[in-house]
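First the structure, in the form of structure tokens, and then the observations on it.
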Amino acid sequence: MSLLLDLLLAIVAFLGHFALAVWLFNRLHAVPWPVKRIKILERLLLLVAAIVAIAFAVHTLLAGGLFFAPPGWNLWKLYAAFSLVMAGLAVPLWVLPKLGERVPAALLANETQVIDVEAKLGYAPIAGTQARVLARFPGNEYLRLSVHRKELRIPGLPPALEGLSIAHLSDLHMLGNLTEEFYAEVVAATQALSPDVVCITGDILEHPACLPWIPRTLGRLTAPEGRYFIIGNHEKRLPAVAPLREAMVAAGYVDLGSRTEQAQWRGEPVWLSGSERPWFGSEPPPPDDDRMQDSRALRVLLSHSPDQFPFAVQSGYDLMLAGHTHGGQIRLPGIGALIAPSWYGWRYAGGTYDLGSTIMHVSRGISGKQSIRWRCPPEIALLVLRS
Ligand SMILES: [Fe+2]
């Protein structure tokens with residue numbers, strides 16, 4: 001009986017240890033530290049978590065139990081007790097919110113179409129050893145573009161903007177693991193949706209060798225009411241971000257990084273802001289409605305990280321577009337995303353959310369540093385605004 005109880009406690013303690021490691025991993029990628037420091041800490045965290053887990057399992061097996069054998073207290077029992085507390089904390093912080101997840105009423109419709117880029121091209125547009133190895137991973141969906149048409153209800157939407165469509169792209173991660181042809185397919189699929197507006201929410205480029213792709217891919221995308229972008233944390237890996245910003249502006253995009261500007265969509269005034277926090281610049285200044293005739297002008301915030309959601313709510317934005325969390329990239333059946341680089345963990349990994357009177361759309365993104373997506377295909381979203 002005590003052996004069975006010991007085994008059960010050891011399993012729960014192991015889950016607590018795993019939950020703590022995931023919690024730390026997600027927060028580590030939400031802070032604005034230098035890339036090198038994050039990489040070192042990430043490896044250290046994974047190494048320590050793995051060594052402790054293996055040593056914990058070996059000790060439990062060799063000792064013939066955890067709490068009941070051998071008698072008395074030792075370091076492993078103390079760590080097991082700590083891990084049990086972590087597992088206990090995971091219930092209110094993780095399990096209960098997961099069970100309470102819902103699709104917000106603001107998401108009126110969501111139609112999906114899948115484009116198998118490998119089948120369309122007749123070859124896999126990948127390069128490099130990592131991408132080739134991961135391409136063999138069963139069920140890897142990273143070449144299966146998921147094109148969504150989502151209707152979002154925006155309370156108080158001006159009548160002129162009824163039905164306006166925004167193509168939301170994010171996290172393209174042009175670094176060379178996917179070839180330029182893949183991005184040309186992304187652009188073609190987006191253009192086929194005939195968007196009125198294009199918004200790109202960061203992590204566009206992370207290797208300078210891919211900079212010439214910008215005019216040949218994103219530069220060919222057109223939208224009658226405007227194209228906008230911000231950059232994300234992976235642009236920290238570039239030697240300099242100015243060439244990317246210049247290439248995007250030369251390709252016809254408006255740089256919204258740390259800025260707020262007035263625009264006209266269908267002749268209707270709108271406020272557009274961009275936040276690249278916590279990695280670049282400062283929060284954009286709040287829209288100044290006094291300078292506008294119509295105080296109910298639509299307010300849209302582009303933010304790489306969904307962690308700026310409370311900022312968007314406080315600043316009165318109607319719609320916030322974000323990326324960064326990639327949907328988790330690997331979504332386990334019944335559990336969903338585990339790894340999501342955010343202070344909120346998996347909560348804003350991908351999808352539509354509402355808080356106060358702000359709607360947030362978090363894109364699963366197009367690619368990622370690791371060429372793996374399981375039950376989490378890359379996403380092109382066309383957001384159709386409804387009143
Ligand atoms: Fe990203």
### Task
Looking only at the range 130-150, decide whether some residue is more than 19 Å from the chain's Cα centre (by Cα) and over 14 Å from Ile372 (Cβ atoms).
no
### Query
If you take the residues in the range 231-279 that are of a type in the set (Gly, Ala, Ser) and in contact with a helix residue (DSSP H, G or I) (Cβ under 6 Å, 6 or more places away or on another chain), which one is surrounded by the fewest Cβ atoms within 10 Å (Cβ to Cβ)?
Ala251
#### Entry: Residue that is farthest from Val249 (Cα to Cα), among those in the range 215-236 that are away from the ligand (no atom under 16 Å from the Cβ) and touching a residue at least 60 places away in the same chain (Cβ under 8 Å)
Glu225
### Query
If you check every pair at least six apart or on different chains, which have Cβ atoms under 6 Å apart with a residue in the range 127-152 that is of a type in the set (Lys, Arg) first and a residue that is assigned to a loop (DSSP other than H, G, I, E, B) second?
Arg144/Pro377
#### Entry: Which numbered condition Leu99 fails, given (1) among the hydrophobic types (A, V, I, L, M, F, W, C); (2) surrounded by fewer than 16 Cβ atoms within 10 Å (Cβ to Cβ); (3) within 16 Å of the ligand (Cβ to nearest atom)
(3)
### Message
Scan the range 202-210 and tell me whether some residue there is in contact (Cβ under 8 Å) with a residue 12 or more places away in the chain, away from the ligand (no atom under 16 Å from the Cβ) and over 28 Å from Arg299 (Cβ atoms).
### Response
yes
### Query
Among Val52, Val12, Val22, which is within 18 Å of Gly345 (Cα to Cα) and β-branched (Val, Ile, Thr)?
Val22
### Among (1) in contact (Cβ under 8 Å) with a residue 40 or more places away in the chain; (2) away from the ligand (no atom under 16 Å from the Cβ); (3) on the phi < 0 side of the Ramachandran plot, the one test that Asp307 misses
(2)
### Task
Please go through the range 179-230 and pick out each residue that is basic (Lys, Arg) and either surrounded by fewer than 16 Cβ atoms within 10 Å (Cβ to Cβ) or modelled with pLDDT under 95 (or both).
Arg216, Arg220
### Task
Restricting attention to the range 354-383, report how many residues are assigned to a strand (DSSP E or B) and over 16 Å from Pro104 (Cβ atoms).
4
### Query
Out of curiosity, is Leu302 crowded, with 20+ Cβ neighbours inside 10 Å, closer than 16 Å to Cys199 by Cα and either of a type in the set (Phe, Trp, Tyr) or within 16 Å of the ligand (Cβ to nearest atom) (or both)?
yes
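Would a scan of the range 49-68 turn up a residue that is among the polar types (S, T, N, Q) and part of a helix (DSSP H, G or I)?
yes
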### Task
Would you mention how many residues in the range 336-387 are over 16 Å from Asp171 (Cβ atoms), among the aliphatic types (A, V, I, L, M) and in contact with a Phe, Trp or Tyr (Cβ under 7 Å, 6 or more places away or on another chain)?
2
#### Entry: Top-ranked residue of the range 349-387 - restricted to ones that are of a type in the set (Ser, Thr, Tyr) and modelled with pLDDT of 95 or more, ranked as farthest from Pro125 (Cα to Cα)
Thr358
### Query
Within the range 227-283, can you find the residues that are outside any helix (DSSP H, G or I) and among the polar types (S, T, N, Q)?
Ser258, Thr260, Gln262, Gln264, Ser273, Ser275, Ser282
### Query
So which residues in the range 199-219 are out of contact with any helix residue (DSSP H, G or I) (no Cβ under 6 Å at 6 or more places or on another chain) and not aliphatic (A, V, I, L, M), if there are any at all?
Cys199, Thr201, Gly202, His207, Pro208, Cys210, Pro212, Pro215, Arg216, Gly219
### Task
Please work out if Arg43 is of a type in the set (D, E, K, R), under 21 Å from Tyr344 (Cβ atoms) and exposed (fewer than 15 other Cβ atoms within 10 Å of the Cβ).
no
### Task
Take the range 357-374 and flag every residue that is away from the ligand (no atom under 11 Å from the Cβ), under 12 Å from the mean Cα position of the chain (by Cα) and of a type outside the set (A, V, I, L, M, F, W, C).
His361
### Task
For the range 274-291, indicate whether the set of residues that are at pLDDT 90 or above, within 15 Å of the ligand (Cβ to nearest atom) and of a type in the set (Phe, Trp, Tyr) is non-empty.
yes
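Kindly indicate which of Gly176, Gly202, Gly156 is within 23 Å of Lys120 (Cβ to Cβ) and in the same structural domain as Glu246 (by TED's automatic domain parsing).
Matching residue, one of Gly176, Gly202, Gly156: Gly176.
The values are calculated or read from the model by the stated rules, or taken from the named source; none is laboratory data. Bear in mind that the values here come from a model prediction, so they are computed numbers and not experimental data. Note that we place each Cβ from the backbone using ideal geometry, even for glycine, and neighbour counts take in every protein chain shown.
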